[in-house]
Amino acid sequence: MEKTFLMVKPDGVQRNLIGEIVSRFEKKGFQLVGGKLMSISQELAEEHYGEHKERPFFGELVDFITSGPVFAMVWEGENVIATARLMMGATNPKDAAPGTIRGDFGITVGKNVIHGSDSPTSAEREIGLFFKEEELVDYSKLM
Ligand code: CMP
């Protein structure tokens, strides 16, 4: 079954949005297979956002994501990567439709509440960066 990496960013954690965000994905029907409240080190932030290294906002991005706790998650379900992106809304909250997470809770592109993997390759890479295999649960034997 497809898996994706989602993360409530420091602004979302500080604004007490973890429950609201988890609830949206639960109600949609996806399954939470891993989750942890954690602080991101400088090294992990630079690795996670490596593809943005040359962008002018890279320093700001790393400073922000390391500024406070995040809630890192792995979710599982059919087409979860693309569907979670739809539920999150456009990267810049000013373009995100009402009803999406960023459309409902975000205002600026830097503090846009949530991160989600954008492809199967990113999902695999990001899950591997944040979680050990044994930190993910397996519901497949549930009766
Ligand atoms: P995210 O999905 O976490 O992936 C990369 C992040 O870069 C993105 O969300 C935005 O929060 C951030 N970002 C994109 N453009 C800008 C920008 N112009 N200034 C600051 N941050 C940005």
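The values are calculated or read from the model by the stated rules, or taken from the named source; none is laboratory data. A quick note: this is a predicted structure, and the numbers were derived from the prediction, not measured. When we count neighbours, we look across all protein chains shown, and the Cβ atoms used for this are built from the backbone with ideal geometry, even at glycine.
Take the residues in segment 51-68 that are free of Cβ contacts under 8 Å to residues at least 40 places away in the same chain and of a type in the set (D, E, K, R); name whichever of them is surrounded by the fewest Cβ atoms within 10 Å (Cβ to Cβ). Write out each step before concluding.
Narrowing segment 51-68 to residues free of Cβ contacts under 8 Å to residues at least 40 places away in the same chain: 51-56, 58-59, 62-63, 66.
From the residues that got through so far, the ones that are of a type in the set (D, E, K, R) too are 51, 53-55, 63.
On the way: Glu51: 11, Lys53: 10, Glu54: 6, Arg55: 11, Asp63: 12.
Among those that are free of Cβ contacts under 8 Å to residues at least 40 places away in the same chain and of a type in the set (D, E, K, R), it is Glu54.
Hey, among the residues in segment 84-128 that are assigned to a helix (DSSP H, G or I) and of a type in the set (A, V, I, L, M), which one's nearest to the ligand (Cβ to nearest atom)?
Start the filter on segment 84-128 by keeping residues that are assigned to a helix (DSSP H, G or I), which leaves 84-88, 93-95, 101-105, 120-128.
From the residues that got through so far, the ones that are of a type in the set (A, V, I, L, M) too are 84, 86-88, 101, 123, 127.
Working: Ala84: 11, Leu86: 14, Met87: 13, Met88: 8, Ile101: 11, Ala123: 13, Ile127: 15 Å.
Top of the filtered list is Met88.
Checking Gly103 against (1) surrounded by 16 or more Cβ atoms within 10 Å (Cβ to Cβ); (2) touching a strand residue (DSSP E or B) at 6+ places or on another chain (Cβ under 6 Å), which test does it fail?
(2)
Tell me yes or no: at least one residue of segment 129-141 is modelled with pLDDT of 95 or more, within 12 Å of the ligand (Cβ to nearest atom) and outside any loop (DSSP other than H, G, I, E, B).
No: segment 129-141 contains no residue that is modelled with pLDDT of 95 or more, within 12 Å of the ligand (Cβ to nearest atom) and outside any loop (DSSP other than H, G, I, E, B).
Just give me the residues in segment 1-17 being more than 16 Å from the ligand (Cβ to nearest atom), more than 20 Å from Leu129 (Cβ to Cβ) and either surrounded by 16 or more Cβ atoms within 10 Å (Cβ to Cβ) or modelled with pLDDT of 95 or more (or both), in sequence order. Break it down into steps so the answer makes sense when it comes.
Going residue by residue through segment 1-17, those that are more than 16 Å from the ligand (Cβ to nearest atom) are 1-3, 16.
Adding the requirement that they be more than 20 Å from Leu129 (Cβ to Cβ) leaves 1, 16.
The one that is more than 16 Å from the ligand (Cβ to nearest atom), more than 20 Å from Leu129 (Cβ to Cβ) and either surrounded by 16 or more Cβ atoms within 10 Å (Cβ to Cβ) or modelled with pLDDT of 95 or more (or both): Asn16.
For segment 69-98, give me each residue that is among the charged types (D, E, K, R) and either in contact (Cβ under 8 Å) with a residue 24 or more places away in the chain or closer than 18 Å to Val8 by Cβ (or both).
Looking only at segment 69-98, we keep the residues that are among the charged types (D, E, K, R), and these are 76, 78, 85, 94-95.
Listed by number, the residues that qualify are Glu76, Glu78, Arg85.
Residues being in contact (Cβ under 8 Å) with a residue 60 or more places away in the chain, assigned to a helix (DSSP H, G or I) and more than 11 Å from the ligand (Cβ to nearest atom): count how many of those fall in segment 29-50.
Summing the residues that are in contact (Cβ under 8 Å) with a residue 60 or more places away in the chain, assigned to a helix (DSSP H, G or I) and more than 11 Å from the ligand (Cβ to nearest atom) in segment 29-50 gives 2.
Among the residues of segment 51-83, which ones are within 11 Å of the ligand (Cβ to nearest atom) and in a helix (DSSP H, G or I)? Walk me through how you get there before you give the answer.
Narrowing segment 51-83 to residues within 11 Å of the ligand (Cβ to nearest atom): 51-52, 55-65, 70.
Glu51, His52, Phe58, Gly59, Glu60, Leu61, Val62, Asp63, Phe64, Ile65, listed by residue number.
Exactly one of (1) buried (at least 20 other Cβ atoms within 10 Å of the Cβ); (2) more than 20 Å from Asp118 (Cα to Cα) is unmet by Phe25. Its number?
Only one criterion is unmet by Phe25, namely (2).
If you go through segment 113-127 one residue at a time, do you hit one that is of a type in the set (S, T, N, Q) and on the phi > 0 side of the Ramachandran plot?
Step one: of segment 113-127, the residues of a type in the set (S, T, N, Q) are 117, 119, 121-122.
With the extra rule that they be on the phi > 0 side of the Ramachandran plot, the set shrinks to none.
Checked segment 113-127: no residue is of a type in the set (S, T, N, Q) and on the phi > 0 side of the Ramachandran plot.
Out of the residues in segment 113-123 that are touching a residue at least 60 places away in the same chain (Cβ under 8 Å) and surrounded by 14 or more Cβ atoms within 10 Å (Cβ to Cβ), state the one that is nearest to Arg15 (Cα to Cα). Give the steps one after another, and end with the answer.
Looking only at segment 113-123, we keep the residues that are touching a residue at least 60 places away in the same chain (Cβ under 8 Å), and these are 113-117, 120, 122-123.
Next, only the ones that are surrounded by 14 or more Cβ atoms within 10 Å (Cβ to Cβ) stay: 113-117, 122-123.
Details: Val113: 9, Ile114: 12, His115: 16, Gly116: 19, Ser117: 22, Ser122: 27, Ala123: 26 Å.
Filtering segment 113-123 for residues that are touching a residue at least 60 places away in the same chain (Cβ under 8 Å) and surrounded by 14 or more Cβ atoms within 10 Å (Cβ to Cβ), the one nearest to Arg15 (Cα to Cα) comes out as Val113.
Identify the residue in segment 1-28 that is out of contact with any Asp or Glu (no Cβ under 7 Å at 6 or more places or on another chain) and in a strand (DSSP E or B) and, among all such residues, is farthest from Trp75 (Cα to Cα). First the steps, then the outcome.
Applying the first criterion (out of contact with any Asp or Glu (no Cβ under 7 Å at 6 or more places or on another chain)) to segment 1-28 yields 4, 6-28.
Those still in the list that are in a strand (DSSP E or B) too: 4, 6-8.
Values: Thr4: 5, Leu6: 7, Met7: 10, Val8: 13 Å.
Only one residue tops the list, namely Val8.
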